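Below is one structure, written out as structure tokens, with a few remarks after it.
Values in this text are rule-based calculations from the coordinates and carry no lab data. Values in this document were obtained by computation on a predicted structure and should not be read as measured data.
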Amino acid sequence: MISSVSGTRPAAQPTDYSQRPSYATTAAASPNSPDQDAKKDPALKPADSKATDKKTGQLSESDIKVVNELKQRDTEVRAHEAAHMAAAGGIATGGPSFEYQQGPDGTSYAIGGEVNIDTSAIPGDPAATLRKADTIRRAALAPAQPSGPDMQVAAAATAMAAQAQVELLQKNQETQNGNQDRQGSQINLSA
């Protein structure tokens, strides 16, 4: 996601998968289940148990699926923010920042991110503002799948470009009118 320097970051409520109950705790419904017995005496734990054993690094199938999804999301987020950075060039106010979520394997994965850019107009220079608005729009739309906030930044850049074009036209008209006024006040003294 791309955001302006003065923009606010949308609140996200990530799920911390490390706090999710393991299969062993949820499957212990019957009083004499193998997982229930394993809780009482670890030596009785079945060899083919799918329960998470964080000490040995083994994860349940559901935890492996979650880790794979988090890895995929991490890759997507990092590529998305890298596209913003590449297109933003000098208007980025720093590197990308990421929002992380801890997976069941204890690793933190990027699940969201943003690149802050300077979206202010350049005072007194509508041509430069027009160029900057174009860069902002390109940076916002650089990822393959721009987010909602990315689309809002692109729309604001389009509005900024339109305003800069109006100012540029006014400036050009004033320059032309100034030249016409000077031409009209010249006196032809040739005889």
**Prompt:** Using θ = phi - 60° and the Karplus form 6.51 cos²θ - 1.76 cosθ + 1.60, what ³J(HN,Hα) does each residue of the range 96-107 get, whole Hz, x for Gly and Pro?
**Reply:** x, 10, 10, 9, 10, 9, 7, x, x, 8, x, 8
**Prompt:** Amide H of Tyr100: which non-local residues (sequence gap of 5 or more, or other chain) have their own amide H closer than 5 Å, using H built in the peptide plane?
**Reply:** Ile111
